[in-house]
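J.: Have a look at the structure that comes next, please.
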Amino acid sequence: MKLQFLGGVREVGRSALLVNDSLLLDYGMLTGNPPQFPVSRPDPEAVVVSHGHLDHVGLIPSLLSGRDPPAIHWTPPTQELALTLARDTLKLHGPSSRRPRGGSGTQGGGYRCPFTENDVKRVTEMSHTHGYGEPFEAAGHEVTFYNAGHIPGSAHVLVDDGETRLLYTADFHTDDQRLVSASTDRPDADAVVCESTYADVDHDPRGEVEARFVESVRQTLWEGGTVVVPAFAIGRTQELLLVCEAYDIPCYVDGMGQEVTRMLRQHPAFVRDADALDRAAGHARFVTSHGQRTRIAEQNAAIVTTSGMLSGGPAMTYIPAIRANPTNKITLTGYQVEGTPGRRLLETGRAEIDGRVMPVSARVESYDFSAHADRDGLRSFLGAYEDASVFVVHGDRCEAFATELQADGVDATAPDLGAVVEV
């Protein structure tokens, strides 16, 4: 089996893996200004998508502008999330007149969306959805999805070409979350392409993280303050709504997380407890107009809103509105990438909003609600593949983690960007 690593190696973002020159696993972008695309644009016979996050699915429509577009295979929630993200990208950046050929998304000095509205329309035409544990054929390979425990619809991807069995883990979690159950399937494989986002981190038990978060929010509300909870729209928003409902914390939800919440309720088979998600959605108050935000920012409540790294979205309204009062609080709930406004807020106590840097008197806290396996989770998962070849990807320290695995006798490597290997 031939593997070509087009992105997502020694970095987090733009995941893309070409198998046997014909089957593409994921095709995402690395967000930034400008964004980064996979190092080349393949012409696969079929595409298999692991889950609906921008760094894995963000460029899928750009593959569909030719005369013979590939079939796209994914779970039902992943298809809908991909379409939601594609429409949002079009809305934010406008259509491009040319297709991405790798590298950065710079075109004429500025970023334009690398696909058109017609490309997005073709996504549904070329789509094939599958559940977990249901083998299907794609580009001459037998492919099977297994629950990855990351977000609803996320999948490990098992690829069998008749000689070699490859397990592409994509993003996964080995502990239960309120929204989705943990990854537990460990299908036989000769080679494993494994994510390593948190290879150097030990997550605190989720129950302890929840308890600290709840105590902090309740304290602020008791003092008469407002809590702004920046959260990723896909997965994290719904997890936090579940927490708020479980502990009877009054909350609003704003941004793309509203649309995603409504959509995920239509796929009960892909969430851990569909009734709990329904209750959480009923407990939260959905923000229906921009004009509400100034009033809501004065409420004695939690406001769960995009974006999770303060790079846009309704958070750009809420943060300036609550920043001057030290009774208020901003609780970041996900990893803040270096260089993002969220990271700068944590490090400097100042927020960059619409190009203006503002001092923040409101208290700023961070909670680890990660949906990725940590160091122990990764090692536990790979314990089932002691005899397999392991390729470490999707992390900031892939080479170091591969070296650790080698010391324990694992055949592990961290491929370079663009590397081609045979397994």
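J.: Report, to one decimal in Å, the Kirkwood hydrodynamic radius for the stretch 243-323 based on all distinct Cα pairs.
T.: 13.4
J.: In the chain, if the dipole is taken from +1 on Lys/Arg beta carbons and -1 on Asp/Glu beta carbons about the Cα centre, which of Leu417, Gln79, Pro320 is farthest to the positive end?
T.: The listed residue farthest towards the positive side: Pro320.
J.: Students often check this: by mean Cβ neighbours within 10 Å, which of 366-379, 115-128 ranks highest, and how do the rest follow?
T.: Averaged packing, sorted descending, gives the order 366-379, 115-128.
J.: Using the Kirkwood radius over Cα pairs, work out the Stokes-Einstein diffusion coefficient for the stretch 291-421 at 4 °C and 1.567 mPa s, in µm²/s as a whole number.
T.: Using the Kirkwood radius from Cα pairs, D works out to 73 µm²/s.
J.: Continuing with the same structure: Local charge sum around Leu83 (other residues, Cβ-Cβ under 15 Å, Lys/Arg +1, Asp/Glu -1)?
T.: Taking every other residue near Leu83 into account, the sum is -1.
J.: Exactly which GluC sites (Glu not before Pro) in the stretch 221-262 are in a DSSP loop and have at most 16 other Cβ atoms within 10 Å?
T.: In loop regions of the stretch 221-262 (DSSP not H, G, I, E or B), the sparsely surrounded GluC sites (Glu not before Pro) are Glu223.
J.: Next up: Tell me the accessible surface of Thr184 in square angstrom (1.4 angstrom probe, heavy atoms of protein chains only), to the nearest ten.
T.: About 110 Å², rounded to the nearest 10.
J.: Now, a different point. Beyond 27 Å, what share of the Cα-Cα pairs of the chain remains, rounded to the nearest whole percent?
T.: Here the long-distance tail beyond 27 Å is 50 percent of all Cα pairs in the chain.
J.: Positive end of the charge dipole of the chain (Lys, Arg +1 and Asp, Glu -1 on Cβ, about the Cα centre): tell me which of Phe37, Val180, Ala302 has its Cα farthest that way.
T.: Ala302
J.: Using only C-alpha atoms and all pairs of different ones, pull out the Kirkwood radius for the stretch 196-236 in Å with one decimal.
T.: Taking every pair of different Cα atoms in the stretch 196-236, averaging 1/r and inverting gives 12.5 Å.
J.: To continue, here is another question. How many angstrom lie between the C-alpha centres of the stretch 242-299 and the stretch 350-394?
T.: 23
J.: What aspartates and glutamates does Lys91 reach when the alpha-carbon gap must be under 12 Å and sequence neighbours fewer than 8 apart in one chain are set aside?
T.: Glu117
J.: In debye, nearest 20, what is the charge dipole magnitude of the chain about its Cα centre with +1 on Lys and Arg Cβ and -1 on Asp and Glu Cβ, if you could check?
T.: Roughly 2300 debye for the chain.
J.: Can you give the angle from 0 to 90° between the axis of helix 206-222 and the longest principal axis of the chain, with both taken from C-alpha atoms, to the nearest 10?
T.: On a 0 to 90 degree scale, this one is about 20.
J.: Here's something else I'd like to know. Just reorder Glu386, Glu365, Glu134 by solvent-accessible area, largest first, 1.4 Å probe, all chains present.
T.: Listed by decreasing accessible area, they come as Glu386, Glu134, Glu365.
J.: Amide H to amide H under 5 Å from Val193: which residues, 5+ apart in sequence or cross-chain, H placed 1.01 Å off N in plane?
T.: Leu167, Tyr168, Thr169, Phe391
J.: Working only with C-alpha atoms, what are the Rg and Dmax values of the stretch 105-239, expressed in angstrom?
T.: Expressed in Å, the Cα Rg and Dmax of the stretch 105-239 come to 20.3, 64.
J.: For the stretch 361-403, state the semi-axes of the equivalent ellipsoid (square roots of 5 times the eigenvalues of the alpha-carbon gyration tensor), sorted largest first and rounded to whole angstrom.
T.: Over the Cα atoms of the stretch 361-403, the semi-axes work out to 31, 13, 7 Å.
J.: What is the magnitude of the charge dipole of the stretch 374-423 about its Cα centre, with +1 placed on the Cβ of each Lys and Arg, -1 on the Cβ of each Asp and Glu, and no other charges, expressed in debye to the nearest 20?
T.: Rounded to the nearest 20 debye, it is 120 debye.
J.: Around Pro70, under 9 Å between beta carbons, what's the net of Lys plus Arg minus Asp minus Glu among the other residues?
T.: -3
J.: Same structure, new question: From the C-alpha coordinates alone, can you work out the Kirkwood hydrodynamic radius of the stretch 134-195, in Å?
T.: Taking every pair of different Cα atoms in the stretch 134-195, averaging 1/r and inverting gives 11.9 Å.
J.: Can you compute the helix-only [θ] at 222 nm over the chain? Use -39500 (n - 2.57) per DSSP H run of at least 4 residues, normalise by all residues, nearest 500 deg cm²/dmol.
T.: -8000 deg cm²/dmol
The values are calculated or read from the model by the stated rules, or taken from the named source; none is laboratory data. This structure is a prediction, so every number in the text was calculated from the model and none was measured. Cβ: placed from backbone, ideal geometry, glycine included. Neighbour counts: every protein chain shown. Accessible surface areas use protein heavy atoms only, side chains included; no ligands, DNA or RNA. Shrake-Rupley method; radii C 1.70, N 1.55, O 1.52, S 1.80 Å.
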